[in-house]
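Structure first, commentary second.
The values are calculated or read from the model by the stated rules, or taken from the named source; none is laboratory data. Only a predicted model underlies this, so the values are computations on that prediction, with no experimental measurement involved. Here the Cβ is made from the backbone with ideal geometry for all residues, glycine too, and neighbour counts use every protein chain on show.
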Amino acid sequence: MIERLAVANRGEIARRIMRTAASMGIETVAMYADGDADSPHVREADQALRLPGSTAAETYLDVDAVLAAALRGGADALHPGYGFLSERAELARATIDAGLTWVGPSPDVISAMGDKLAAKKIMAEAGVPTLPTWSPGDPSIVFPVLVKAAAGGGGKGMRLVGDPEGLPWALEAAAREAQSAFGDPTVFLERFVQGARHVEVQILADSHGNFVHLFERECSIQRRHQKIIEECPSGAVSSDLRRQLGEAALRGARAVGYLGAGTVEFVLEANGSFWFLEVNTRIQVEHPVTEAVTGVDLVREQLLIASGEPMSIRQEALSIDGHAVEARLYAEDPANDFLPCTGTLVEFSQPDHPALRWESGVETGSVVGIDFDPMLAKVIAHAPSRVEAARRLALGLSRSRIRGVTTNRDFLVAILRSQDFLSGETTTDFVEVSGVPRSRSVDKDELAVAAVAAALARRFRRMTQACVLRQVPAGWRNSVMPPERESFTHCGQTLQVTYSFARDGSADFSVGGESLKLSRPQVSVCGLCVEVRVSLGGSDDRRLLVAEEGSKLWVQGREGDVELGVVERFPVAGSAGPQGGLTSPMPGRVVNVSVAVGDTVDAGSLLVVIEAMKMEHRLNAPHPGRVAQVLAGPGDQVGAGQLLVVVDGHDAGGDGTLDRVKEGGT
């Protein structure tokens, strides 16, 4: 039996595995990069060991460093988690050679399934339906196709190509990403199934000859070929189709001699036809939805199997209880083509009700940087029905307080509450065709009330921080004076707020020229926030929570969060950048510079490619002109807003236009 487990991963992944290990009486050894030194998983482990370096390549992707840390920590087993080295046969082999227990399939199985072309051949021979594939340059290619990394999985290095003209660039970019992520630039092309669903089957196999499947998950709702909402079971899968999918997955597992937990992924067409995509030789990010409906702790089964024991479940005893939905909470801006975002989490807290399962690797005060995946948490709701689970998850997300970093929270809530989602119209092109708004629209009334609450909260802060005459309210005068005032910004709009208090405690507000009368507003401290209770007349009583950090405020009301910027009364003058200057939209590393000083460019011409948070971003010229300056080169680390290229010939500056290189993950 395993006694001390090293976890070769970070964040919510490490925390999830360590929680089950502790419940089994197993001590844990965590590993961390420099940027993760203050992360929760480091604090919660029995022992935490530093991996020298800061980037993924220097730390969690370094086989020698990871294995050395496991041995240094006295571990007798190593769990790779999911992502990073979890599907690297070399780590599995090195772990076994070092005398440690490897929690996962054998190195040979990982190698076989890691080569997607070889995996498809094995599955086809086992009678599992597979899609047609082509090699680059094959004259018989039928478009549209997906360019995929032969040595990778989870969508990394994936490109959708609709016509021959777009193929050369897609092949080049996919090969570069594949080399970076997997150490192998080999790519192939596969038929793209339009209007399909992405379903996958969870499997377990032990060394005693037992094989089970734990039904299917649907993971169709994706952006950049990365899943953002998953559920179990799929509303599109009948009991007969569920049986067929499970049998196909287990045929493939037996054919390859599988051991441990794994996921067999399929694409499902509207007519019920399904096709093999890949086998993920690890536990998946979305495994909690399976755990919720089956009651099975999949990590516990992994550890039992790795210890040589039989798994604790049998196929005939498994059943589906209700429905579970998971949402992936990312630090990204859906309104800006899902651009990853960085910053410090001023607040990260969950509501007491409804009760949800939160798997997170961050907390209040955590820094979201550029070196790792921008996922903050996965949030899971379980309920008797699909609609109830979706609504429960949406309410819990909307009530959560996540401030300091732009996230996809409002977009997730909008999806979960949309009629298309609730009716089960969840194909892989959902994000593109559903019309779900990528940002929450704030109406005039909500914005005005938020501005009032922000002004009251700032007044309260000033009053409580006063050093003299603390009992005197801020703004008090012994003579008639003009009203107090504040100015805020929201989405480019400036709101002027003026207010004055009467002797009875009521207040007269003016927001953007509109008058509001409040009867005795109440302001108090609520955790990290200021709680503001206002009555706008009649029964319109509102409770708002205001958080402030630097020049930003977040006001949470019944509709959600409103972010406001503080306009200082005496701003410090700044200097404007050069006209035509193109700046980096985020911190990152320059991968490629496509222009030189003196080059003539057209609008939309590629200027720079930046890599950040496992993605590549193409910075294009917003207008025609001549390149006057190039201020960064390949390999340079750049900050958000840093000037990269100056293009003369137009009177507009800015960030240029940004094309996201299509990439995915699990």
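Condition first: crowded, with 22+ Cβ neighbours inside 10 Å and in contact with a Pro (Cβ under 7 Å, 6 or more places away or on another chain). Can you find one or more residues in region 280-287 that meet it? Checked against the condition, which is being crowded, with 22+ Cβ neighbours inside 10 Å and in contact with a Pro (Cβ under 7 Å, 6 or more places away or on another chain), region 280-287 yields at least one hit. State whether the residues of region 7-18 include one that is assigned to a strand (DSSP E or B), surrounded by 19 or more Cβ atoms within 10 Å (Cβ to Cβ) and out of contact with any Asp or Glu (no Cβ under 7 Å at 6 or more places or on another chain). Scanning region 7-18, I find at least one residue that is assigned to a strand (DSSP E or B), surrounded by 19 or more Cβ atoms within 10 Å (Cβ to Cβ) and out of contact with any Asp or Glu (no Cβ under 7 Å at 6 or more places or on another chain), so the answer is yes. Look through region 36-50, keep the residues that are assigned to a loop (DSSP other than H, G, I, E, B) and surrounded by 20 or more Cβ atoms within 10 Å (Cβ to Cβ), and return whichever of them is nearest to the chain's Cα centre (by Cα). Step by step, filter region 36-50, then rank; the result is S39. Give the residue that is farthest from the chain's Cα centre (by Cα), with candidates limited to residues of region 75-105 that are closer than 19 Å to T20 by Cα and of a type in the set (G, A, S). Step by step, filter region 75-105, then rank; the result is A75. When restricted to residues that are crowded, with 24+ Cβ neighbours inside 10 Å and not in a helix (DSSP H, G or I), region 381-393 contains 1. A residue that is surrounded by fewer than 22 Cβ atoms within 10 Å (Cβ to Cβ), at pLDDT 90 or above and not in a helix (DSSP H, G or I) occurs somewhere in region 163-170. Can you spot a residue in region 340-357 that is outside the structural domain of R391 (by TED's automatic domain parsing) and either assigned to a strand (DSSP E or B) or among the small types (G, A, S) (or both)? No, every residue in region 340-357 fails to be outside the structural domain of R391 (by TED's automatic domain parsing) and either assigned to a strand (DSSP E or B) or among the small types (G, A, S) (or both).
Taken over region 212-248, the criterion of being free of Cβ contacts under 8 Å to residues at least 60 places away in the same chain and either closer than 25 Å to P105 by Cα or among the aromatic types (F, W, Y) (or both) is satisfied by E216, R242, R243, Q244, L245, G246, E247. In region 215-237 there is no residue that is small (G, A, S), more than 29 Å from the chain's Cα centre (by Cα) and either at pLDDT below 95 or surrounded by fewer than 24 Cβ atoms within 10 Å (Cβ to Cβ) (or both).
All conditions but one from (1) touching a strand residue (DSSP E or B) at 6+ places or on another chain (Cβ under 7 Å); (2) at pLDDT 90 or above apply to E484; the one that does not is (2).
Return yes or no: is L189 surrounded by fewer than 20 Cβ atoms within 10 Å (Cβ to Cβ), touching a Pro at 6+ places or on another chain (Cβ under 8 Å) and touching a residue at least 12 places away in the same chain (Cβ under 8 Å)?
For L189, the condition - surrounded by fewer than 20 Cβ atoms within 10 Å (Cβ to Cβ), touching a Pro at 6+ places or on another chain (Cβ under 8 Å) and touching a residue at least 12 places away in the same chain (Cβ under 8 Å) - is not met.
So which residues in region 394-421 are part of a loop (DSSP other than H, G, I, E, B) and either among the charged types (D, E, K, R) or touching a Pro at 6+ places or on another chain (Cβ under 8 Å) (or both), if there are any at all? If the condition is that a residue be part of a loop (DSSP other than H, G, I, E, B) and either among the charged types (D, E, K, R) or touching a Pro at 6+ places or on another chain (Cβ under 8 Å) (or both), then S400, N408 are the ones that fit.
Take the conditions (1) surrounded by fewer than 21 Cβ atoms within 10 Å (Cβ to Cβ); (2) touching a residue at least 24 places away in the same chain (Cβ under 8 Å); (3) small (G, A, S); G435 misses just one of them, which is (2).
Checked against the criterion of being within 19 Å of Y330 (Cβ to Cβ) and modelled with pLDDT under 95, region 417-430 has at least one qualifying residue.
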